There are 4 protein chains.
Amino acid sequence: MEKKQRIAILGAGGYTGAELLRLLLAHPFADIRALTGQTQAGKPMGEVYPHLAYAGLPALVETAAVDYKDIDVVFCCLPHGQTQEVIAALPRHVKIIDLSADFRLADTQVYAQWYGHDHRAPVLQKEAVYGLTEIHRAAIRDARLVANPGCYPTSAQLPLVPLLKAGLIEREGIIIDAKSGVTGAGRAAKQGTLFCEVDGGISAYGVASHRHAPEIEQELALAAGRPMVVTFTPHLVPMNRGILSTIYVTLTKSKTAQNLAQALSRAYADEPFVKLAPEGVTPGTHMVRGTNLCVIGVFADRIPSRAILICVIDNLVKGASGQAVQNMNVMCGYPETTALTQGALFP
Amino acid sequence: MEKKQRIAILGAGGYTGAELLRLLLAHPFADIRALTGQTQAGKPMGEVYPHLAYAGLPALVETAAVDYKDIDVVFCCLPHGQTQEVIAALPRHVKIIDLSADFRLADTQVYAQWYGHDHRAPVLQKEAVYGLTEIHRAAIRDARLVANPGCYPTSAQLPLVPLLKAGLIEREGIIIDAKSGVTGAGRAAKQGTLFCEVDGGISAYGVASHRHAPEIEQELALAAGRPMVVTFTPHLVPMNRGILSTIYVTLTKSKTAQNLAQALSRAYADEPFVKLAPEGVTPGTHMVRGTNLCVIGVFADRIPSRAILICVIDNLVKGASGQAVQNMNVMCGYPETTALTQGALFP
Amino acid sequence: MEKKQRIAILGAGGYTGAELLRLLLAHPFADIRALTGQTQAGKPMGEVYPHLAYAGLPALVETAAVDYKDIDVVFCCLPHGQTQEVIAALPRHVKIIDLSADFRLADTQVYAQWYGHDHRAPVLQKEAVYGLTEIHRAAIRDARLVANPGCYPTSAQLPLVPLLKAGLIEREGIIIDAKSGVTGAGRAAKQGTLFCEVDGGISAYGVASHRHAPEIEQELALAAGRPMVVTFTPHLVPMNRGILSTIYVTLTKSKTAQNLAQALSRAYADEPFVKLAPEGVTPGTHMVRGTNLCVIGVFADRIPSRAILICVIDNLVKGASGQAVQNMNVMCGYPETTALTQGALFP
Amino acid sequence: MEKKQRIAILGAGGYTGAELLRLLLAHPFADIRALTGQTQAGKPMGEVYPHLAYAGLPALVETAAVDYKDIDVVFCCLPHGQTQEVIAALPRHVKIIDLSADFRLADTQVYAQWYGHDHRAPVLQKEAVYGLTEIHRAAIRDARLVANPGCYPTSAQLPLVPLLKAGLIEREGIIIDAKSGVTGAGRAAKQGTLFCEVDGGISAYGVASHRHAPEIEQELALAAGRPMVVTFTPHLVPMNRGILSTIYVTLTKSKTAQNLAQALSRAYADEPFVKLAPEGVTPGTHMVRGTNLCVIGVFADRIPSRAILICVIDNLVKGASGQAVQNMNVMCGYPETTALTQGALFP
């Protein structure tokens, strides 16, 4: 019998922590050893998350109480800004998958500009591998520290990276109009995400100022081979899970929407988690709820030189905890789909 | 005491019919005389709409049973395709506000192309006035037949028309990414709008093929003085009411987002129903739920030559029945805000 | 022209405050002079509630900053426990309608038992009139301090009081199974009322321990002429507004459900806001959303001696701010329906 | 390698069909061979249910097109009334799990009374075993035809059966106030279950007349050893999944709520799917969403002789398709939890 990974989840009381637990409890090689929580230390998990009451999980402890000698893999679900120092203090033998934004921007000056303070672990940043699995699989395999991608960036990069690499779309004028469920805002009690403030309405936020923009641009620039600036507008939708990104692109000369579809089809032919929408189906987030799937639809615009891409993911799975488990599978040599094959919960 | 308008609502069993009733029941010069319903003829209104059970409304009758001698104003809420012949058969003394799409496209060839059949009342089409009140008020005042605008077009035209007129934005590359509540799909029983199909997810539909595109383009072309083609993508959001349109535009030379805001501010300075978002507020549909308001926000993009407009309306009010009452007020010489001053229902 | 009441709303930043503003802005005799907020003092109302941005309201101030010389009526929307001392400090010339629970329990010992501290204004308690308008109208007319009823108690007392008075139902074994929208929990940021915690699920809370139980029992005991204990279970439903109380009662000898319906019909024959459900209609909260209505349905159980009452209100209107305005109308001599005639917002 | 069961699902286009597919696709011994649909025959599953597009499922066919020679197990998800004749026509070698109500009532006269027509397969009815697994496991093991329980009955019977068997609660005066998500109403397009009719409100329906009442009473009577009549009121909640039943009972002499909790704890000590709520947790449907779990809370009422039980299930899983798979596992000799161990999807 294969050895299990002994796992610690830092910040297990939030939504990405709970989602990691949902997935890892079904993982044959995961042994959940430690869960930490800031304000919730000392509580049994069933009090923090009643739906996890019967899973036999350890109670939450303070971060300082974890003995890393017995830990092989750390998932870090702490808020950004707090994470750099925590991870810098971890012993070298643990593999780390960080779900915060703290290690996603390779350029620490860009980080400082968008996050308002200097990077607190610049040396470690050099070691971090950006964890968009389908694009950086080889580097992830050998990584010790993986910066798990943001939810919006995942939904933007998966359709755009292959098209930019293939030169099928212009680098300029890319517009990403993204719509997200409320779990993306986390479990901290804030007025703006109360049920009564969200239900029955839609709003935009962070217009032309959201911190996921530089993360998107970093990876698109890599694909394009040149710096990129995109237009990115996130919206808050009255639903729990899911991101739908509607992406407007200009085709390069003589290219068609069909060329884009073919290129994406080729790029992801062997990928278990990235799919093109079936003929005649416009992707909706229901298709991927609870799964690690990313579904992409390609549409010709009425303006001949333009196309529209629609990309859906579950922000808590492929946009966070699912991709984190996928990265753990890659880092530890397990089949990449381990614990990630469950079907969508619909309705 | 001023004479009341005797009113008939054709197709009163749908959502726009119910919303007309909500508004007209509070209108001091409205006398609701006849309500028609196709399958529901014979039913008391309280059975069709329990929330209207106590309003003392007449029972639904068949369209043919209305005696138009006693009617001054007809609101027509029938499905498109059925409306042209019904309206053509109405006597000349009634004022008509048509909430369907049947008389919105001035060019009957464009109509035929998008709706798949010849226009059934082409002579009457010449008489129809497009009812975007703020833009066509003078013509509406003298009209006998007003084609009440579509919900998406209202949310796109109100921000864009003044900017195109003033030459502040390029005619090309306008992208309208629109998100709508489910009432826009009507009350007919369809699998796609069942609660369980919609709740908890978001989807796009009619990508590059929605029939509101030519309606939007018709009015923008009028404003720009030249033909227009726009990119328009509607989305279905799990909420009852509201449209939020995120509109991406390119500025003409040396113009700024601030110029756009100033132009809109000037254009709508005396308008009771069109407002710029307060400083620091990103418009959301909650701001306008149940009201005839349109709120517009203007944002500079990170790309200097571009701007983002966000426009919110309640699709059933300013996007349908509220604008219809506004048009009735204009046609009948009442103060334009009569019966339209209620505040938003939030939460 | 009639003199307007100069009004202050204490705690205007919460949901009952916003709902008071929605109603009072349409009140011909209301002049809103002062709005207070604890943490939000100094903010313009449009920042606290964007949907109120265009109403021309004064900015929020601290409670201490209100000059009561210019105030005729105070609506107090502060949390319970804080309210007794604030109201005790108000000058005698102002009329006060308190929406908290602080003055609802006539017996200060019962108050102390359920709220965990001594009543802080026991003398003032003697003066307070319980404001269930239909039941205590005469006393409200002469009151200086009205304790506006709780939302659950309103939905339980309106159907039960006339039946107990008439001896048609047994005092024992009354079960009130109540389902409420989330606005009942207020606008304070709490994890339990985050969108993601509430959407897509239903839960019970405060089983056999909710503080509205003694309030319900106080008024039922008055009606029955003897002490009462009821079974009361509240539930949290993923919707913003509305309470539906399903009430199970035992009929007294030889009585039928029809007798109950007749008695309620008689009791509320002249009441503008309390209605029996139309024949064949099972009441739902949609019927009353945004209105001051209470709709009651009476059903025979399959067990001959038992009946089921279903009562719906909008918890923010008849269950809070609407009844408060109704009480102001009574206290100030205005027609009782002033500013309360708007129709339900459905869908 | 163990032989797989070759499975046909009749009526696979509805919600219980889709849920069976979600579960069976993860079942190591299930081989899905045939899917039927009435109006949808000929369509690929990805068109009927886009979220199942990538599962490699066969296209829907007409019921008559299934060759039962190659089928071992039939799940029947047809509407009630249509099912008796279809099942009567199946060959004797197939095991059948019927999710409709057609074989649940052992007494065909009771069936006729509640369903308005004579039972169409009375001989087969004698053979049918009522499939509440925890209660009738032994009979299910040997059954050829299992009548899978209704969703409401499952939520009422699991808490009540052990208590009645043990004589801890009175047979009289049991009240079941049940709240259900909308999937319980099925996928057929009906006005009453449109998003806009359901969202933002709660309503009761079938008051004292719902067809699940005799099914509940049949099993409770078995447990009590005498006929039973209960009060049962279902409500429609704006959520997709979940049933919460609040059950009011009278304790037999000198019994306490704690006695009930102990009895339930003992009765279900070895059951993998029935759990008592952890200390201090009031059960909500979120705890069980997507799982085959039933969670029960027991509460003392303030009236000493009374107690309140709260029972939550996912109506599509333990209330339908999950229990069906559980029954298949029992009938075929697989471990009962096979394919039923996934955790709750929350949020």
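Taking region B:321-347, which residues are under 18 Å from residue B:9 (Cβ atoms) and not in a loop (DSSP other than H, G, I, E, B)?
B:321, B:322, B:323, B:324, B:325, B:326, B:327, B:328, B:329, B:331, B:332
Determine, yes or no, whether residue A:236 is open to solvent by 10 Å² or more (accessible area, probe 1.4 Å), over 21 Å from the mean Cα position of the chain (by Cα) and of a type in the set (A, V, I, L, M, F, W, C).
no
Select from region B:163-189 the residues that are more than 14 Å from every other protein chain (Cβ to nearest Cβ) and closer than 12 Å to residue B:311 by Cβ and list them in ascending order.
B:163
Yes or no: residue D:326 open to solvent by 10 Å² or more (accessible area, probe 1.4 Å) and farther than 19 Å from residue C:201 by Cβ?
Taking the combined requirement at face value, the residue does not satisfy it.
I'd like the full set of residues that are at the interface with another protein chain (Cβ under 9 Å from one of its Cβ atoms) and outside any helix (DSSP H, G or I), limited to region D:203-219.
Within region D:203-219, D:203, D:204, D:205, D:206, D:207, D:208, D:209 meet the criteria.
Looking only at region D:24-74, filter to residues that are within 14 Å of chain A (Cβ to nearest Cβ) and assigned to a helix (DSSP H, G or I); which one of those is most open to solvent (accessible area, probe 1.4 Å)?
Among them, the one singled out is D:47.
Do we find that residue A:131 is under 20 Å from the mean Cα position of the chain (by Cα), surrounded by fewer than 20 Cβ atoms within 10 Å (Cβ to Cβ), modelled with pLDDT of 95 or more and within 21 Å of residue A:314 (Cα to Cα) in this structure?
no
Go through region D:1-18 and count every residue that is more than 15 Å from residue D:37 (Cβ to Cβ) and modelled with pLDDT of 95 or more.
Residues meeting the conditions: 4.
Could you figure out which of (1) more than 7 Å from chain D (Cβ to nearest Cβ); (2) surrounded by 24 or more Cβ atoms within 10 Å (Cβ to Cβ); (3) touching an Asp or Glu at 6+ places or on another chain (Cβ under 9 Å) isn't true of residue C:200?
(1)
Of everything in region B:221-265, what is closer than 24 Å to residue B:206 by Cα, in contact with a helix residue (DSSP H, G or I) (Cβ under 7 Å, 6 or more places away or on another chain) and small (Gly, Ala, Ser)? Give them in sequence order.
B:242, B:245
So is residue D:117 of a type outside the set (A, V, I, L, M, F, W, C), at negative phi and surrounded by 14 or more Cβ atoms within 10 Å (Cβ to Cβ) or not?
Against the criterion (of a type outside the set (A, V, I, L, M, F, W, C), at negative phi and surrounded by 14 or more Cβ atoms within 10 Å (Cβ to Cβ)), residue D:117 does not qualify.
For the condition within 14 Å of chain A (Cβ to nearest Cβ) and touching a strand residue (DSSP E or B) at 6+ places or on another chain (Cβ under 6 Å), what is the one hit in B:237, B:274?
Of the residues listed, the single one that is within 14 Å of chain A (Cβ to nearest Cβ) and touching a strand residue (DSSP E or B) at 6+ places or on another chain (Cβ under 6 Å) is B:237.
Could you identify the single residue in D:99, D:105, D:163 that is touching a Cys at 6+ places or on another chain (Cβ under 8 Å), surrounded by 20 or more Cβ atoms within 10 Å (Cβ to Cβ) and not β-branched (Val, Ile, Thr)?
Of D:99, D:105, D:163, the one residue that is touching a Cys at 6+ places or on another chain (Cβ under 8 Å), surrounded by 20 or more Cβ atoms within 10 Å (Cβ to Cβ) and not β-branched (Val, Ile, Thr) is D:99.
Return the pairs, sorted by first residue and then second, in which the second residue is open to solvent by 50 Å² or more (accessible area, probe 1.4 Å), the first residue lies in region C:50-63 and is touching a residue at least 12 places away in the same chain (Cβ under 8 Å), the beta carbons are less than 6 Å apart, and the residues are 6+ apart or on different chains.
If the second residue must be open to solvent by 50 Å² or more (accessible area, probe 1.4 Å), the pairs left are C:55/C:25; C:59/C:44; C:60/C:43.
Return yes when residue D:342 is away from chain C (no Cβ under 14 Å), surrounded by 21 or more Cβ atoms within 10 Å (Cβ to Cβ) and more than 21 Å from residue A:44 (Cα to Cα) and no when it is not.
Here the answer is no, as residue D:342 does not meet what is asked.
Keeping to region B:281-320, report how many residues are within 7 Å of another protein chain (Cβ to nearest Cβ), in a loop (DSSP other than H, G, I, E, B) and surrounded by fewer than 23 Cβ atoms within 10 Å (Cβ to Cβ).
Of the residues in that region, 5 qualify.
Taking into account only those residues within region A:168-197 that are aliphatic (A, V, I, L, M), closer than 19 Å to residue A:314 by Cα and not in a strand (DSSP E or B), which is most open to solvent (accessible area, probe 1.4 Å)?
A:185
Part of a helix (DSSP H, G or I), on the phi < 0 side of the Ramachandran plot, touching a strand residue (DSSP E or B) at 6+ places or on another chain (Cβ under 6 Å) and without any contact (Cβ under 8 Å) to a residue 60 or more places away in the chain: is that true of residue A:139 in this structure?
yes
Could you tell me whether residue A:78 is more than 30 Å from residue D:292 (Cα to Cα), within 18 Å of the chain's Cα centre (by Cα) and in contact (Cβ under 8 Å) with a residue 60 or more places away in the chain?
yes
Does residue C:213 qualify as being at pLDDT 95 or above, more than 17 Å from the chain's Cα centre (by Cα) and surrounded by fewer than 24 Cβ atoms within 10 Å (Cβ to Cβ)?
No.
Which pairs have Cβ atoms under 6 Å, sit 6 or more apart or on different chains, and link a residue in region B:321-343 that is on the phi > 0 side of the Ramachandran plot to one that is surrounded by 22 or more Cβ atoms within 10 Å (Cβ to Cβ)?
B:339/B:23; B:339/B:325
Looking only at region B:263-280, count how many residues are of a type outside the set (Phe, Trp, Tyr), open to solvent by less than 40 Å² (accessible area, probe 1.4 Å) and not in a helix (DSSP H, G or I).
Selection size over region B:263-280: 4.
Any residue at all in region A:81-99 that is modelled with pLDDT under 95, in a loop (DSSP other than H, G, I, E, B) and under 30 Å from residue A:217 (Cα atoms)?
Within region A:81-99 (the criterion being modelled with pLDDT under 95, in a loop (DSSP other than H, G, I, E, B) and under 30 Å from residue A:217 (Cα atoms)), the answer is yes, since at least one residue qualifies.
Of the residues that make up region B:239-262, is at least one closer than 18 Å to residue A:239 by Cβ, at pLDDT 95 or above, open to solvent by 20 Å² or more (accessible area, probe 1.4 Å) and out of contact with any Asp or Glu (no Cβ under 9 Å at 6 or more places or on another chain)?
no
The values are calculated or read from the model by the stated rules, or taken from the named source; none is laboratory data. It should be emphasised that the depicted structure is a prediction, and the values quoted were computed from it without experimental measurement. FYI the Cβ positions are ideal-geometry reconstructions off the backbone, even for glycines, and counts take in every protein chain you see. Calculation scope for accessible area: heavy atoms of the full protein, side chains included, ligands and nucleic acids excluded. Shrake-Rupley method; radii C 1.70, N 1.55, O 1.52, S 1.80 Å.
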